[in-house]
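Notes follow the structure.
The values are calculated or read from the model by the stated rules, or taken from the named source; none is laboratory data. What you see is a predicted model, and the numbers here were worked out from it, not measured in a lab. Ideal geometry is used to build each Cβ from the backbone, glycine not excepted, and the neighbour counts take in all protein chains shown. Surface areas here come from the heavy atoms of the whole protein model, side chains and all, with no ligands, DNA or RNA. Shrake-Rupley method; radii C 1.70, N 1.55, O 1.52, S 1.80 Å.
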Amino acid sequence: MRAYLALDQSTSSTKALLFAADGRVLDSEARGHAQHTPQPGWVEHDAEEIWRNALGVLGVLLGRHRERIPHLACLSLANQRETVVVFERGSGRPLHPAIVWQCRRGDRFCAEQGRAGRGEELRRRTGLPLDAYFSASKLQWLARNRPELRARMGRGEAVAGTMDAYLVHRLTEGRVCATDSTNASRTLLYDIHRLGWDPELCGWWEVPAAALPEVRDGLGRFGETTLGGLLPRPLPICGVLGDSQAALLGQGCVRPGMAKVTFGTGSSVLLNIGAKPLASGQGLVTALAWTHRGVPTYAFEGIIISSAATLAWLKDQLGLIGDFASSEALAQEVADNGGVYLVPAFAGLGLPYWKPAARGAILGLSTASDRRHVVRAALESVALQLHDVLAAMGGEAPAPIASLYGDGGPTANRFLMQLTADATGTELRIPAGSNGAARGAMIAGRIALGELAGPEAAPASGEEAVYRPAMPAEALRRLREGWSAAVRRVIS
């Protein structure tokens, strides 16, 4: 009867899941939140809405399973990374809208750091490129534009944290002010070699050290919660990881050479590289996969800024599809893209280009083009960006990529998954269910509880589908060449 709760707080929604001891998802409940764009290039979330949604989905889920409440072992958390919240210490009240990882308001501050010649040193210490995708420039924008917040952060009255720190603080009613190392390592403020906040980097970005939360192992404990009074007794919070790292663990990628891609708003490709951090000459991020008892495991990461967000744009902004599921049928109504390519640089291009100023374009339109070609081109853009990332990884990884696992909602689109296998030339394995991040958080929680000895003891997830490359060589060559030409036009 032992059961485990997990909260998966993503860019578009907050989802609560109930797991059985054997790893099966017993039930889940999700609730979306609004995306606010106060001006072009800016993206914000209402952190208070996210907190209400977290309590809401947990409450509804537990309401359906009251008999399991006495048998709950812990609550685990996976979260959207880089998104930053400044909140009041103690109450947890947000003092400013959350600034989302997609937001580009920090571009000019990154340019300042670049002009000061700090880019290479930042990469050396943090493993990250100098880009507004990460949290530090968002906090510098707040420091420059909200002097009252800067003063409160300097006095330690306000906390500057990623979404995990905010939710842990709220869940523990202000008793714990902590983040996990994977989330801390996404800020451009954290030294991934020394495993701690870097005072000099904090100075460069004008972030007061007094505002930063304590950093803990993601496979450790983060206090206790009654879920705002929903539970009759406190429940341990065990296992807190950034969602991509959680998915790496959840899919069993615990040995070097194992990789996963999470298909989400954006996509993160993580390749386990083992106990030593490696520097990349191709723009790959050197990431912390997790830390366990103070010992780090590292990964290469390739970041695709717009993945499922491209489909959301087709639906919400252009009205070309009624829902995500319809994209699969529409794309298959045409034999190919008809020469149409969509480069989804809505907020710049990530690896291997790192062109934050690039903007999206649809190229190759003719009088024969219709919405089916555009929809197909959008799906192809997801797969072709992944090919670019894997090509960069393959040139620098210490060992060949042994396997590629995929998770996330878009894995339900079988056409897209086959297209991904074709475009990348790699066998793609989709584990049962699309809840890799939540499953990884739950496994991290079991490690923290001492039920599992470490990441290597993580139970394997069952496979739902395996996709193998099948596209004819000539068709694949034309597709890749057309894509490369489209990207060159956009970044030029």
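What to note about this one:
- Close pairs (8 angstrom Cβ cut-off, 6 or more residues apart or separate chains): at negative phi in region 214-237, among the aliphatic types (A, V, I, L, M) and part of a loop (DSSP other than H, G, I, E, B) anywhere: V215/L195; F222/V176; T225/L231; L235/L227; I237/V176
- Condition met for S268 (among the hydroxyl-bearing types (S, T, Y), at pLDDT 90 or above and surrounded by 23 or more Cβ atoms within 10 Å (Cβ to Cβ)): no
- Residues of region 180-218 that turn out to be touching a Pro at 6+ places or on another chain (Cβ under 9 Å) and more than 18 Å from S137 (Cβ to Cβ), as a count: 4
- Sole exception among (1) closer than 24 Å to F19 by Cβ; (2) within 19 Å of the chain's Cα centre (by Cα) for G266, by number: (1)
- Selection status of R376, on the phi > 0 side of the Ramachandran plot and touching a residue at least 40 places away in the same chain (Cβ under 8 Å): no
- Within region 446-468, the set of residues being of a type in the set (D, E) and touching a Ser or Thr at 6+ places or on another chain (Cβ under 9 Å) comprises just one member, E464.
- Single residue of region 117-159 satisfying the filter (without any contact (Cβ under 8 Å) to a residue 12 or more places away in the chain and under 13 Å from E206 (Cβ atoms)) that is surrounded by the most Cβ atoms within 10 Å (Cβ to Cβ): A151
- Restricted to region 211-279, the set of strands (runs of 3 or more DSSP E) holding at least 2 residues that are in contact with a strand residue (DSSP E or B) (Cβ under 9 Å, 6 or more places away or on another chain), of a type outside the set (A, V, I, L, M, F, W, C) and under 30 Å from G174 (Cβ atoms) comprises 214-216, 221-225, 235-242.
Okay, residues lined up against (1) hydrophobic (A, V, I, L, M, F, W, C); (2) open to solvent by less than 50 Å² (accessible area, probe 1.4 Å); (3) modelled with pLDDT under 90; (4) over 26 Å from L241 (Cα atoms):
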position: T286; (1), (2), (3), (4): no, yes, no, no
position: A325; (1), (2), (3), (4): yes, no, yes, yes
position: V334; (1), (2), (3), (4): yes, yes, no, yes
position: V340; (1), (2), (3), (4): yes, yes, no, yes
position: A347; (1), (2), (3), (4): yes, yes, yes, no
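- Pairs are defined by a Cβ separation below 8 Å, a sequence spacing of at least 6 or placement on different chains, a first member in region 361-372 that is touching a residue at least 60 places away in the same chain (Cβ under 8 Å), and a second member that is exposed (fewer than 15 other Cβ atoms within 10 Å of the Cβ); the pairs so defined are A361/R489; L363/R489.
- Residue in region 242-263 that is farthest from T420 (Cα to Cα), counting only those that are among the small types (G, A, S) and surrounded by 24 or more Cβ atoms within 10 Å (Cβ to Cβ): G242
- Some residue of region 292-301 being buried (at least 18 other Cβ atoms within 10 Å of the Cβ), under 25 Å from G218 (Cβ atoms), within 19 Å of the chain's Cα centre (by Cα) and free of Cβ contacts under 8 Å to residues at least 60 places away in the same chain: yes
- Top-ranked residue of region 173-206 - restricted to ones that are open to solvent by less than 10 Å² (accessible area, probe 1.4 Å) and hydrophobic (A, V, I, L, M, F, W, C), ranked as farthest from G106 (Cα to Cα): A178
- Hits in region 181-191 - residues which are of a type outside the set (F, W, Y) and touching a helix residue (DSSP H, G or I) at 6+ places or on another chain (Cβ under 6 Å): T182, N183, T187, L188, L189, D191
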